[in-house]
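Below is one structure, written out as structure tokens, with a few remarks after it.
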There are 2 protein chains.
Amino acid sequence: MKARITRGYIAAAIVWTLALSATVARAQDPLPAWNDGAAKARVVAFVKEVTEPGSKSFVPAPERIAVFDNDGTLWSEQPVYFQALFIRDRVKALAAKHPEWSTKEPFASLLKGDLKAVMAGGEKALLQLAMATHAGMTSDEFSAIVSDWIATAKHPNTGRLLTDMTYQPMKELLAFLRANGFKTFIVSGGGIEFMRPWAERVYGVPPEQVIGSSIKTKYELRDGKPVIVRLPDLNFIDDKAGKPVGIQQHIGRRPIAAFGNSDGDYEMLAWTTGAPGARLAMIVHHDDATREFAYDRKSHIGKLDRGLNDAASKGWTVISMKNDWKTVFGPETR
Amino acid sequence: MKARITRGYIAAAIVWTLALSATVARAQDPLPAWNDGAAKARVVAFVKEVTEPGSKSFVPAPERIAVFDNDGTLWSEQPVYFQALFIRDRVKALAAKHPEWSTKEPFASLLKGDLKAVMAGGEKALLQLAMATHAGMTSDEFSAIVSDWIATAKHPNTGRLLTDMTYQPMKELLAFLRANGFKTFIVSGGGIEFMRPWAERVYGVPPEQVIGSSIKTKYELRDGKPVIVRLPDLNFIDDKAGKPVGIQQHIGRRPIAAFGNSDGDYEMLAWTTGAPGARLAMIVHHDDATREFAYDRKSHIGKLDRGLNDAASKGWTVISMKNDWKTVFGPETR
């Protein structure tokens with residue numbers, strides 16, 4: 001009897017211990033939305049390599065800089081950049097104050113929903129729309145406009161909040177790097193002040209770690225109160241060869257890890273991996289038409305061609321959204 | 001006998017306790033280089049006010065942004081900005097490669113040591129000298145040049161290393177704020193890449209928290225390696241009304257504390273204190289001819305006139321270097 005009880009206890013203890021280990025293992029996996037595979041293994045090995053004391057590739061914490069593109073890397077960018085949805089909604093919201101827009105291009109076409117006609121106006125038309133919606137107010141006012149808009153803006157296909165169209169595996173990656181002493185930055189072709197109002201809440205990236213394209217601004221007094229006014233004049237395009245320039249301008253040291261998804265990120269990845277020491281560069285490949293979108297070499301948005309050609313020879317890891325990600329989007333928040 | 005021994009023990013214990021208390025008090029004073037007075041009390045009260053849970057002025061840690069001017073606020077700026085000494089030394093070092101400089105102004109006058117003639121050339125001459133010494137190399141090369149120079153560059157009057165001409169009370173203040181969850185930034189009219197190579201070592205401020213004036217840069221490949229090349233073309237002047245613009249561009253949120261010393265910092269202080277909530281703005285007043293320099297309203301460098309006029313009405317605290325600082329410079333490091 002006593003022996004049976006003892007055996008019973010031992011068996012129970014073993015089962016319980018195994019169960020506990022599994023729980024602990026799950027709890028300890030910092031990247032549960034990633035399938036076990038080469039991409040996940042590469043991330044984990046890199047972080048170990050640069051953080052383990054005594055490692056020959058050890059990097060002191062202040063030098064652990066990681067940069068992330070936003071559109072197509074942290075959230076979706078199809079069927080159009082989400083900032084274009086903002087422009088559309090703002091033009092509609094402002095139309096009552098601008099009766100002249102009903103006959104003036106590119107506003108007239110946009111208000112009629114004729115995006116083809118808008119696109120026919122080329123870069124000049126897009127710039128006009130951007131300036132009409134991004135300039136002319138103070139920095140505080142613009143921040144409030146973006147915050148209000150992003151709180152309810154939904155994706156045209158999925159109906160999800162745009163902030164729910166962010167990639168769960170990438171958010172885990174941001175948190176995993178930060179837990180290992182990294183400072184995480186966003187380096188995007190999108191507008192710097194378009195991202196700042198929500199990047200901290202959604203990605204855990206504070207405003208001072210957001211780098212993007214910008215327009216010029218001016219300090220002045222209004223009714224005796226200091227304001228920063230947004231001017232309809234381009235200041236900086238944070239895309240392609242502009243990304244390393246923006247990184248040097250804002251961060252002042254070379255990242256050791258970079259994450260992108262399109263050829264707009266090519267130079268950022270090249271700059272990050274173009275110096276000695278342990279480096280990590282990864283490209284999110286949109287190959288999952290079922291759960292997200294599938295596009296690369298021929299896409300009008302997020303074109304990925306050179307990056308696919310050169311990744312292997314440069315030691316950049318291509319992340320297959322389809323195979324490497326267990327989950328694409330997190331649970332809906334509304 | 002027993003009573004005497006007891007009294008002796010008690011007396012010894014009291015003395016020892018008092019000594020210990022004094023030691024503890026000293027050890028706990030985060031600002032030992034400051035005399036007890038209104039300026040120090042203001043700093044301590046402000047930090048308590050914004051950090052104490054339950055305080056009606058509590059500010060969450062991510063929003064605790066503090067900005068510091070550099071020249072005249074964190075280190076000396078007389079008899080000339082230290083970056084001017086860098087320009088002088090670089091022109092001398094580069095002269096052998098530029099035989100034409102022996103007859104070309106403003107280089108010829110600078111090489112002859114005739115600073116009056118250089119100054120007579122006005123802003124154009126200074127810009128020429130700045131571009132000849134700050135552009136034409138890669139960002140990595142420039143960083144190495146500055147690092148080498150700052151390692152030995154000495155003050156013309158005191159013979160101290162320039163990095164030893166930094167103010168001990170302000171370095172304590174930086175550390176005190178950081179210990180209370182603040183992120184500390186430098187916001188200077190000086191060159192951003194001139195400060196970054198040593199700001200982390202000397203002030204504990206990492207490169208990504210340094211904001212300054214800049215020239216344009218360009219990404220390119222040299223022998224297949226990515227570099228960022230410094231161009232002889234002004235990009236941004238981080239002075240006066242440029243400071244709030246630089247702050248918004250880099251940080252993207254309004255500081256709650258700002259420290260300056262000249263009218264070049266006026267708009268930064270106004271921007272910082274121009275919003276509701278607890279705010280701290282302080283001006284270092286150079287009134288100590290014995291230990292440092294004495295200058296204000298009429299100085300050609302670090303002119304402080306509007307700031308002195310308006311400090312009281314704006315609630316900005318003027319720090320008297322003479323009366324508020326127990327120590328000006330820390331011990332020499334060489």
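Odds and ends about this structure:
- Check on residue A:247, surrounded by 19 or more Cβ atoms within 10 Å (Cβ to Cβ), among the β-branched types (Val, Ile, Thr) and in contact with a His (Cβ under 8 Å, 6 or more places away or on another chain): no
- Residue within the range B:264-271 that is under 18 Å from the mean Cα position of the chain (by Cα) and of a type in the set (Ser, Thr, Tyr) present: yes
- Every residue from the range B:29-79 that is under 23 Å from residue B:240 (Cα atoms) and either within 14 Å of chain A (Cβ to nearest Cβ) or over 19 Å from the mean Cα position of the chain (by Cα) (or both): B:64, B:65, B:66, B:67
- Odd one out for residue B:233, checked against (1) surrounded by 21 or more Cβ atoms within 10 Å (Cβ to Cβ); (2) more than 9 Å from every other protein chain (Cβ to nearest Cβ): (1)
- Scanning the range A:101-144 for residues that are surrounded by 13 or more Cβ atoms within 10 Å (Cβ to Cβ) and of a type in the set (Ser, Thr, Tyr) yields A:109, A:133, A:138, A:139, A:143.
- Residue within the range A:294-308 that is surrounded by fewer than 19 Cβ atoms within 10 Å (Cβ to Cβ) and part of a strand (DSSP E or B) present: yes
- Near pairs, Cβ below 7 angstrom, 6+ apart or cross-chain, from the range A:60-74 (over 21 Å from residue A:301 (Cβ atoms)) to any residue that is outside any strand (DSSP E or B) and of a type in the set (Lys, Arg): A:63/A:253; A:65/A:253
- Residue check, residue A:110 free of Cβ contacts under 8 Å to residues at least 60 places away in the same chain and closer than 20 Å to residue A:148 by Cα: no
- Identity of the residue in the range B:145-181, small (Gly, Ala, Ser) and out of contact with any helix residue (DSSP H, G or I) (no Cβ under 7 Å at 6 or more places or on another chain), that ends up surrounded by the fewest Cβ atoms within 10 Å (Cβ to Cβ): B:159
- Unmet requirement for residue B:210, which otherwise passes all of (1) within 12 Å of chain A (Cβ to nearest Cβ); (2) touching a residue at least 40 places away in the same chain (Cβ under 8 Å): (2)
- Within the range B:213-225, the set of residues being under 18 Å from residue B:238 (Cα atoms), among the small types (Gly, Ala, Ser) and either facing chain A (nearest Cβ under 9 Å) or surrounded by fewer than 21 Cβ atoms within 10 Å (Cβ to Cβ) (or both) comprises B:214 only.
- Any chance residue B:275 is among the small types (Gly, Ala, Ser), over 26 Å from residue A:229 (Cα atoms) and surrounded by fewer than 17 Cβ atoms within 10 Å (Cβ to Cβ): no
- Some residue of the range A:155-172 being over 24 Å from residue A:262 (Cα atoms), modelled with pLDDT of 95 or more and more than 15 Å from the chain's Cα centre (by Cα): yes
- Residue count for the range A:242-259 satisfying the condition of being at the interface with chain B (Cβ under 9 Å from one of its Cβ atoms), of a type in the set (A, V, I, L, M) and not in a helix (DSSP H, G or I): 1.
- For residue B:104, the conditions (1) touching an Asp or Glu at 6+ places or on another chain (Cβ under 9 Å); (2) outside any helix (DSSP H, G or I) all hold with the exception of (1).
The values are calculated or read from the model by the stated rules, or taken from the named source; none is laboratory data. Small disclaimer: the values here were computed from a predicted structure and weren't measured. Note that each Cβ is placed from the backbone with ideal geometry, even for glycine, and that neighbours are counted across all protein chains shown.
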